[in-house]
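*Asks:* This is the structure I want to talk about, given as structure tokens.
The values are calculated or read from the model by the stated rules, or taken from the named source; none is laboratory data. The model shown is predicted, which means the values in this text are computed figures rather than measured ones. Here the Cβ positions follow ideal geometry from the backbone for every residue, glycine too, while neighbour counts run over all protein chains shown.
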Amino acid sequence: MTDLPSAVLFACTMNSVRSPMAEAIMKFLHGHQVYVDSAGVRSKDIDGYAITVMDEIGIDLSRHHAKTFDDLEDDYFDIVITLSPEAQHSAIELTRVMACEVEFWNTMDPSLIESEDREVVLDAYRQVRDQLMQRIKDRFPVQTPLDT
């Protein structure tokens with residue numbers, strides 16, 4: 001069983017889709033045990049499709065406020081998980097003087113899907129959501145009462 005870190009940062013390019021989803025999922029699974037935050041290389045308002053697909057699984061993203069690495073209030077993390085190549089470069093720079101692990105989980109940006117069909121776009125967001133959920137569960141397993 002992997003011990004949970006005390007602080008995790010998820011990072012992507014805009015902090016409007018992937019990293020807020022990952023932050024919210026991690027908080028949903030481990031929020032009382034782990035400090036979780038997210039940031040982007042640049043910031044952009046939360047994506048409406050991200051709000052919709054997270055709401056489908058009972059997680060509210062509507063109050064998320066996008067921030068950049070420079071906006072972080074806390075800069076100590078045990079692990080930084082980057083979800084885009086651009087965020088990977090920024091995370092390496094941020095952590096070069098820290099004893100901090102950086103992992104790269106290359107994750108598709110569903111906002112790049114161009115379709116007139118809303119369901120096609122939503123399916124792309126759902127795919128990212130579900131991949132992040134599984135990856136987080138695999139990396140940071142949820143303990144059950146039988147595990148303790």
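*Asks:* Quick check on the range 80-101: of everything there that is out of contact with any helix residue (DSSP H, G or I) (no Cβ under 6 Å at 6 or more places or on another chain) and of a type in the set (Gly, Ala, Ser), which residue is modelled with the lowest pLDDT?
*Replies:* 99
*Asks:* Looking at (1) part of a loop (DSSP other than H, G, I, E, B); (2) surrounded by fewer than 18 Cβ atoms within 10 Å (Cβ to Cβ), which is the one condition that is false for residue 66?
*Replies:* Condition not satisfied by residue 66: (2).
*Asks:* On to the next question. Do we have residue 39 as outside any loop (DSSP other than H, G, I, E, B) and under 13 Å from residue 22 (Cβ atoms) here? So that I can check it myself, show each step before the final result.
*Replies:* On the way: outside any loop (DSSP other than H, G, I, E, B): yes; under 13 Å from residue 22 (Cβ atoms): yes.
Considered against the rule, which asks whether it is outside any loop (DSSP other than H, G, I, E, B) and under 13 Å from residue 22 (Cβ atoms), residue 39 comes out as yes.
*Asks:* Would you check which residues across the range 114-138 are of a type in the set (A, V, I, L, M, F, W, C) and either surrounded by fewer than 17 Cβ atoms within 10 Å (Cβ to Cβ) or under 12 Å from the mean Cα position of the chain (by Cα) (or both) and list them? If you could, list the steps in order and put the result at the bottom.
*Replies:* We begin by selecting, within the range 114-138, every residue of a type in the set (A, V, I, L, M, F, W, C); these are 120-122, 124, 128, 132-133, 136.
Correct list: 120, 128, 132, 133, 136.
*Asks:* A further question on this structure: Restricting attention to the range 102-148, and to residues there that are in contact with a helix residue (DSSP H, G or I) (Cβ under 9 Å, 6 or more places away or on another chain), of a type in the set (Val, Ile, Thr) and part of a helix (DSSP H, G or I), which single residue is farthest from residue 14 (Cα to Cα)?
*Replies:* Result: 136.
*Asks:* Only residues that are hydrophobic (A, V, I, L, M, F, W, C) and surrounded by fewer than 24 Cβ atoms within 10 Å (Cβ to Cβ): list them for the range 1-13, please.
*Replies:* Residues satisfying the conditions are 1, 4, 7.
*Asks:* Looking at residue 87 and the list (1) farther than 17 Å from residue 35 by Cβ; (2) not in a helix (DSSP H, G or I), which single condition is not satisfied?
*Replies:* Evaluating residue 87 over (1) farther than 17 Å from residue 35 by Cβ; (2) not in a helix (DSSP H, G or I) leaves (2) as the failure.
*Asks:* Within the set of pairs 6 or more residues apart or between chains, which connect a residue that is over 13 Å from residue 27 (Cα atoms) inside the range 44-63 to a residue that is surrounded by 12 or more Cβ atoms within 10 Å (Cβ to Cβ) and among the polar types (S, T, N, Q) with Cβ atoms less than 8 Å apart?
*Replies:* 44/15; 44/16; 45/16; 46/16; 47/16; 47/111; 49/111; 50/16
*Asks:* Given the criteria aliphatic (A, V, I, L, M) and under 11 Å from residue 9 (Cα atoms), does residue 92 qualify?
*Replies:* No, not satisfied.
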